[in-house]
Amino acid sequence: MKAAYDFEPDLHLAFAAGVIPAKFALSRMTPDALRWQIDSGRWQRPCRGVLINHSGPLTREQKLWVAAFWAGPGAAIGGLTAARLWGLTGFDEVDGAVHLVLPSGREKKGRLPFRATVHYSRRLASADVHPSRQPPRTRVARSLIDCAAWHSSDRGAQAILAASVQQRLLLPEHLAAELERNRRVRRRRLLAETVGDIAGGSQALSELDFLNRVVRPFGLPSPDRQAPRLDANGRRRWLDAVWDVARLIVEVDGAGHADILRYWQDMDRDNQLKLQGYDTLRYPAFAIRYQADYVAGQIQAALARRGVNC
């Protein structure tokens, strides 16, 4: 593994974004000229050693560059901030905070003019940071595992992992490999179990809830999850949970089913499968969370009618 300080912010890319390290500026102008730029209000200095070549509010991109220079070589954008840069949607940073990963033992002096959350890591080397993306950021799997580990709740951590696969940012095996590399990560057991469930077909938090609150606690047979089936028109349909031996389907409806077109498409799919001999039970996500015993009882009764004992 290479040394931890192989990566640092790219000066020229930062300059293109309007962020200028003071050392870089002083290599191209005199101290008096630089002081005039700041004193005249043409430029600003958001933190020690970093300049902005305008006097207005910082853009989100500029905040990332400022944070990267403030953190120094061997540090990286991480956690939720990096995950959002990789494309994760549906999760907002608290007060727009920038998450940073710094090597353990590094002491930072001075403050940033915006909210930042600093995490210290004993395992932060070039293998953990993307080789070309700037400003330096942790790779996608590391970003998402850190994001889940640092979340304030177990449920939020599970939601992040489920969303990352559902949004096709990576595959479950990439998350599993990252967990294998870092065996000291917070919530490791929960994260590993969640990744295993996602690999088995649960790609939304409501589907994980169905597995962990309905199927397992009440001793139901394990269904096929996200199972592909062809409807009467030959189109492939993905089903939340299927017990083929009983010709029984369970669908968990999230917020997306408030859309009338989506709702009709789901109804049409159910009708098509009904013609093939399947019965469908549908439940809203809140029933899975708060009425699990009622949902499990109905599924047990439906399976028993078809000769499957639970």
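The values are calculated or read from the model by the stated rules, or taken from the named source; none is laboratory data. As the structure is a prediction and not an experimental result, all values here were calculated from the model. Cβ placement follows ideal geometry from the backbone for every residue including glycine, while neighbour counts extend to all protein chains displayed. Surface areas here come from the heavy atoms of the whole protein model, side chains and all, with no ligands, DNA or RNA. Shrake-Rupley method; radii C 1.70, N 1.55, O 1.52, S 1.80 Å.
Of note:
- Candidates per chymotrypsin sites (Phe, Trp or Tyr not before Pro) in region 58-111, loop by DSSP, up to 15 other Cβ within 10 Å: F91
- Gyration tensor verdict on region 147-196 (Cα atoms; rounded if a/c is under 1.5, prolate if a/b is larger than b/c, oblate otherwise): oblate
- Longest to shortest principal axis, alpha-carbon extents of the chain, angstrom: 86, 41, 33
- Here the gap between R123 and D293, fully extended at 0.36 nm per residue and compared with their Cα-Cα distance, gives a gain of 56.8 nm.
- Solvent exposure of region 84-240 amounts to 50 Å² per residue of accessible area, where only protein heavy atoms count and the probe is 1.4 Å.
- The distance from the alpha carbon centre of region 279-296 to that of region 48-107 is 41 Å, rounded to a whole number.
- Over the C-alpha atoms of region 133-247, the Rg to Rh ratio, Rh being the Kirkwood estimate, stands at 1.04.
- Heavy-atom accessible surface of the chain: percent carbon and sulfur, 1.4 Å: 51 percent
- The modelled label-to-label distance for the pair E180/E193, using points 7 Å beyond Cα in the direction of Cβ, is 2.2 nm.
- Compactness of region 70-192 - radius of gyration and Dmax, Cα, Å: 13.7, 40
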